[in-house]
């Protein structure tokens with residue numbers, strides 16, 4: 001059995017038409033749920049009532065942890081290809097539904113129907129949990145040894161995105177040759193040269209912002225002994241989603257998060273109150289063993305990079321640091337033209353630590369939001385178990401909202417790892433931690449950007465910023481000279497000196513969403529100029545190459561939102 005637990009702000013679905021030979025009768029064509037735990041379930045061959053009972057026990061424990069009283073059982077066959085027969089799957093799901101104890105408001109989406117759904121997730125770290133159960137109900141991931149396949153078929157086979165909407169990031173990414181997804185690395189991105197150029201630009205952007213705000217970048221190993229996550233307490237929540245293996249009798253894992261290893265760098269030296277705050281930034285690759293059926297292009301992957309940061313500070317520095325983080329957040333989102341709104345999540349019932357500390361931390365978050373004139377809504381009892389937090393939703397060009405940034409105050413990990421600094425009084429004190437990510441997963445953020453701009457990226461981010469087009473063979477040499485001039489000026493440029501018509505070359509460049517096209521013919525060769533065209537149809541003749549490069553550098557360096 002595969003289960004994906006989702007803690008949601010809202011779930012709504014419409015029942016459209018039967019998709020299986022066996023399906024439940026239903027008169028309910030529309031349903032909506034707020035503040036619920038959604039249990040996406042795929043019943044597999046061999047699953048029993050024992051399997052179902054184990055999954056339900058885990059789900060009820062999770063509901064208690066996050067304070068939910070509503071449960072939605074949602075059949076979702078796409079989580080596995082090893083499906084049980086429909087009649088048996090319906091029986092198991094009904095058994096689960098009837099086993100829900102009193103006090104829980106349970107609902108069940110109809111089995112065997114095509115459903116159109118919308119979902120808004122909570123923003124806390126445990127909001128999405130994937131689990132797998134064997135026939136005896138043991139909650140662990142099970143693997144089948146695959147038969148070897150030929151190298152040729154393994155490396156050339158990629159995901160099939162046929163039938164996806166034209167505005168989907170997978171469709172646009174394939175058309176613009178940005179990235180692909182190969183079967184040999186499920187849930188991991190193969191960055192093509194153009195896509196990797198954009199990925200590097202995002203990293204450069206993040207690094208420049210963080211450097212300006214006083215962060216120091218670190219990096220830690222991808223592999224660590226699982227004892228590290230036992231100390232942090234994360235193993236209780238993430239073990240099922242970790243890639244684990246044994247070596248010389250020890251259990252190791254690929255890191256699913258950066259917090260514990262960043263703490264080890266802090267712990268490696270002695271700190272004075274004068275040394276704080278220590279603003280550490282880390283952009284290492286992370287690995288999370290998501291269920292294959294839940295993988296969705298760039299939006300949900302197994303290998304990801306986050307613009308993580310962990311600030312170690314004194315209690316009296318907390319307000320100033322929060323102000324600094326919110327300024328960083330505003331600078332970041334304004335660069336992309338995103339509007340955003342904030343949510344303040346307060347102390348949950350199942351919390352750790354002194355409630356007075358929680359009160360101080362929450363008031364600090366409120367003050368930081370108010371001082372920055374950021375509007376927010378309060379989400380009562382939805383903070384992380386270790387502290388209150390701010391979650392930020394951005395809105396894209398299609399009006400959709402995406403939860404990206406999170407800012408969390410943490411008193412608990414410093415205590416668990418026994419972190420210290422020497423105070424002005426000469427005594428040992430425990431620092432406070434602020435965790436934050438602004439873009440979140442770079443892979444997911446890239447997917448958002450692709451759909452937000454529909455491939456028409458600002459010039460600074462565009463994979464190809466300029467294309468030089470020769471009208472005829474007589475202008476090829478001059479076109480190549482312009483190409484080299486742009487390339488040496490650190491501009492991402494392509495040249496087209498083929499024998500196709502100018503109209504064809506221009507149309508191809510526009511379809512590739514290239515911001516600028518420099519067209520050169522005999523007139524431009526004689527005058528030493530270029531004709532500048534934009535992808536929106538604007539044009540200007542008789543432009544000196546040096547003048548164009550100078551203006552383009554300003555547009556790129558200031559990361560302007562291109563009008564074309």
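Where a number appears in this text, it was derived from the coordinates with a stated rule and is not lab data. Predicted model, so just to flag it, every value in this text is computed and none were measured. Cβ coordinates were reconstructed from backbone atoms using ideal geometry, including for glycine residues, and neighbour counts include every protein chain displayed.
When 232, 536 are ordered from fewest to most other Cβ atoms inside 10 Å of their Cβ, what list results?
Numbers: 232 19, 536 11.
So the residues, fewest neighbours to most, are 536, 232.
Roughly what angle does helix 355-371 make with the longest principal axis of the chain, taking Cα atoms, 0 to 90 degrees, to the nearest 10?
So the helix axis and the longest Cα principal axis differ by about 30 degrees.
Starting from the Cα gyration tensor of the chain, take the square roots of the eigenvalues, sort them a ≥ b ≥ c, and report rounded, prolate or oblate (rounded when a/c is under 1.5, otherwise prolate if a/b is larger than b/c, else oblate). Working shown, then result.
Numbers: a/c = 1.99, a/b = 1.32, b/c = 1.50.
Here the chain falls in the oblate category.
Given the -39500 (n - 2.57) contribution per DSSP H run of 4+ residues, what per-residue ellipticity at 222 nm results for the chain, rounded to the nearest 500 deg cm²/dmol?
Using -39500 (n - 2.57) per qualifying helix, the result is -9500 deg cm²/dmol.
Run through the DSSP bridge list for the chain and note the antiparallel percent, rounded to the nearest 5.
Close to 75 percent.
Report the residues of region 254-288 in range of a label on residue 420: point 7 Å along Cα→C-beta, backbone N strictly under 19 Å from it.
Only 263-276, 278 fall inside the zone, counting backbone N under 19 Å.
Could you compute the FRET efficiency for residue 275 and residue 87, with r as their C-beta to C-beta distance and R0 at 56 Å, rounded to 0.05? Could you put the intermediate results ahead of the total?
Details: r = 66 Å, r/R0 = 1.17.
After rounding to 0.05, the efficiency reads 0.30.
Need one number: convex hull volume per residue for region 2-132, Cα atoms only, in Å³. Show your work: numbers first, answer last.
Values: hull volume 13.1 nm³, N = 131.
Dividing the Cα hull volume of region 2-132 by its residue count gives 100 Å³.
Arrange the peptides 331-337, 53-59 so that the one whose residues have, on average, the most other Cβ atoms within 10 Å appears first.
Sorting 331-337, 53-59 by mean packing, highest first, produces 53-59, 331-337.
Would you mind computing, in nm to one decimal, how far apart the modelled labels at residue 371 and residue 32 are, each placed 7 Å from Cα along Cα→Cβ?
3.9 nm
Could you let me know the centre-to-centre spacing of region 483-511 and region 278-338, using Cα atoms, in angstrom?
36 Å
Given 0.36 nm per residue, what is the gain on full extension from residue 20 to residue 349 after removing their alpha carbon distance, in nm?
On the way: separation 329, 0.36 × 329 = 118.44 nm, distance 4.18 nm.
Result for the pair: 114.3 nm of gain on full extension.
Can you give me the angle between helix 49-66 and the longest principal axis of the chain, using Cα atoms only, in degrees from 0 to 90, rounded to the nearest 10?
Once rounded, one gets 80 degrees.
Give the order of 252, 516 when sorted by the count of other beta carbons within 10 angstrom, beginning with the fewest. Write out the running numbers ahead of the final one.
Values: 252 17, 516 26.
By the 10 Å Cβ count, ascending: 252, 516.
Classify region 399-444 as rounded, prolate or oblate from the Cα gyration tensor: take a ≥ b ≥ c as the square roots of its eigenvalues, call it rounded if a/c is under 1.5, otherwise prolate when a/b beats b/c and oblate if not.
Numbers: a/c = 4.11, a/b = 3.50, b/c = 1.18.
Here region 399-444 falls in the prolate category.
Which distance in Å, rounded to a whole number, links the C-alpha centroids of region 369-397 and region 79-102?
37 Å
Would any residue of region 527-557 have its amide N under 20 Å from a label point 7 Å out along Cα→Cβ of residue 484? List them or say none.
527-531, 544-550
Would you mind calculating the relative contact order of the chain from Cα pairs under 8 angstrom and at least 6 residues apart, reporting the percent as a whole number?
Numbers: 1066 pairs, mean separation 62.0, N = 564.
With pairs under 8 Å counted, the relative contact order is 11 percent.
Subtract the Cα-Cα distance of residue 168 and residue 327 from 0.36 nm times their separation in residues, and report this length gain in nm to one decimal.
Details: separation 159, 0.36 × 159 = 57.24 nm, distance 3.14 nm.
Stretched fully, the residue 168-residue 327 segment lengthens by 54.1 nm.
Going by the alpha-carbon gyration tensor, a ≥ b ≥ c the square roots of its eigenvalues, is region 354-465 rounded (a/c under 1.5) or, if a/c is not under 1.5, prolate (a/b greater than b/c) versus oblate?
prolate
If neighbour count is taken as other Cβ atoms inside 10 Å, put 374, 448 in order from fewest to most.
Working: 374 17, 448 22.
Result, fewest neighbours first: 374, 448.
Compute the long axis of helix 476-488 from its Cα atoms, compare it with the longest principal axis of the Cα atoms of the chain, and write down the angle in degrees, 0 to 90, nearest 10.
Taking the Cα atoms of the chain, the angle to 476-488 is about 50 degrees.
Quick check on region 268-366: what does the Kirkwood estimate of hydrodynamic radius come out to from the alpha carbon pairs, in Å? Walk me through the numbers before you get to the answer.
Values: mean 1/r = 0.0584 Å⁻¹.
It works out to 17.1 Å.
Indicate, rounded to the nearest 5 percent, the antiparallel portion of the DSSP beta bridges found entirely in region 466-557. Present the calculation step by step, with values, prior to reporting the outcome.
Values: 7 of 16 bridges.
Of the beta bridges lying entirely in region 466-557, close to 45 percent run antiparallel.
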